[in-house]
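Heads up: the structure comes next, in structure tokens.
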Amino acid sequence: MDVFGVDIGGSGIKGAPVDLARGELAEERFKVLTPHPATPDAVADCVREVVEHFGWSGGSIGATFPGVVVDGTTRTAANVSKDWINRDAAALLGERLGAPVTLLNDADAAGLAEMHYGAGRGRKGTVIVLTFGTGIGSAVFIDGRLVPNTELGHLELRGHDAEKRASTRAKEDKGLSWERWAKRVERYLLHVENLFSPELFVIGGGVSRKADKFLPLIKGVSAEIVPARLENSAGIVGAAMAASAAGSAPAFAL
């Protein structure tokens, strides 16, 4: 069964139909740049462009959002316009797309995909999926069950939001070498480990494709650290999973 997934990020909006039987994109994803300012209407237009690229008319759509999402309403907006705060974003996107939209936090979506199809599959105990990109997203699982909207990228690290020091954007903006950036990621992981004592960290986001350049440099963390298997497609797959779970004949119980 194919369901459409859209991943809204601070720098890009990408989507594709998803083959839920295999946990893979059914077609090559299509991506557009996130508009600036990333207002609700501007982003909704971009989401429609992504969906229309595929001529999609297959029914419900899953979408992610880079912030806290409660019952389709976006409660925070760290890397997009503050106009998203307390907006019924699921209704806005549904109206723009002419189809039901299930909305959830972007890292939670990536985590769901990794726990069902990827690096976290079959793992018990506490597993934390972290997505490194424009910010740092987090998804916390206890015995496979999601604790939604954790937003651990906003933990304080040396007087700043952690994502301001250890995200991929921070690496790029400050021109950090892999070695210097890995040290920042290491400090962040040690801080999260001190708070949650997870058995496993899954490192996702686009940078997971280059895990060999920085994961071996991280020392002193007791938890196992592995790269995401679905890499930067995890959010799209997780969004499609959420849309399926919300449907009349759900394939997943999330």
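The values are calculated or read from the model by the stated rules, or taken from the named source; none is laboratory data. None of these values were measured; they are calculated from a predicted model. Positions of Cβ are generated from backbone atoms using ideal geometry, with glycine treated the same way; all protein chains shown enter the neighbour counts. To get the accessible areas, we keep the full protein, side chains included, count just its heavy atoms, and leave off ligands, DNA and RNA. Shrake-Rupley method; radii C 1.70, N 1.55, O 1.52, S 1.80 Å.
Overview of results
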read-out	value
Verdict on A166 being small (G, A, S), open to solvent by less than 20 Å² (accessible area, probe 1.4 Å) and more than 24 Å from V69 (Cα to Cα)	no
The stretch 148-158, subset more than 16 Å from A109 (Cα to Cα) and either of a type outside the set (A, V, I, L, M) or modelled with pLDDT under 95 (or both), residue surrounded by the fewest Cβ atoms within 10 Å (Cβ to Cβ)	E156
Single unsatisfied condition, E28 versus (1) buried (at least 17 other Cβ atoms within 10 Å of the Cβ); (2) over 23 Å from H154 (Cβ atoms)	(1)
Members of the stretch 53-99 that are of a type outside the set (G, A, S), free of Cβ contacts under 8 Å to residues at least 24 places away in the same chain and under 15 Å from A38 (Cβ atoms)	K82, I85
The lone exception for N105 - which of (1) in contact (Cβ under 8 Å) with a residue 60 or more places away in the chain; (2) closer than 23 Å to G120 by Cα; (3) of a type outside the set (D, E) it fails	(1)
Subset of the stretch 204-213 [buried (at least 23 other Cβ atoms within 10 Å of the Cβ) and modelled with pLDDT of 95 or more]	G204
Pairs, first farther than 12 Å from A211 by Cβ in the stretch 223-239, second open to solvent by 40 Å² or more (accessible area, probe 1.4 Å) and in a strand (DSSP E or B), C-beta under 9 Å, six or more apart	L230/E24; S233/E24; S233/L25; I236/L25; V237/E24; V237/L25
Pair list, Cβ under 8 Å, 6 or more apart: the stretch 171-194 residue acidic (D, E), other residue assigned to a helix (DSSP H, G or I) and modelled with pLDDT of 95 or more	E179/L217; E186/L217
Strands (runs of 3 or more DSSP E) (entirely within the stretch 31-147) containing at least 1 residues that are open to solvent by less than 10 Å² (accessible area, probe 1.4 Å) and either modelled with pLDDT of 95 or more or polar (S, T, N, Q) (or both)	61-65, 101-105, 126-132, 136-142
Checklist (1) part of a helix (DSSP H, G or I); (2) surrounded by fewer than 23 Cβ atoms within 10 Å (Cβ to Cβ) applied to V185, failing item	(2)
Single residue of A240, A249, A245, A253 found to be in contact with a Phe, Trp or Tyr (Cβ under 9 Å, 6 or more places away or on another chain), farther than 17 Å from G135 by Cα and modelled with pLDDT under 95	A245
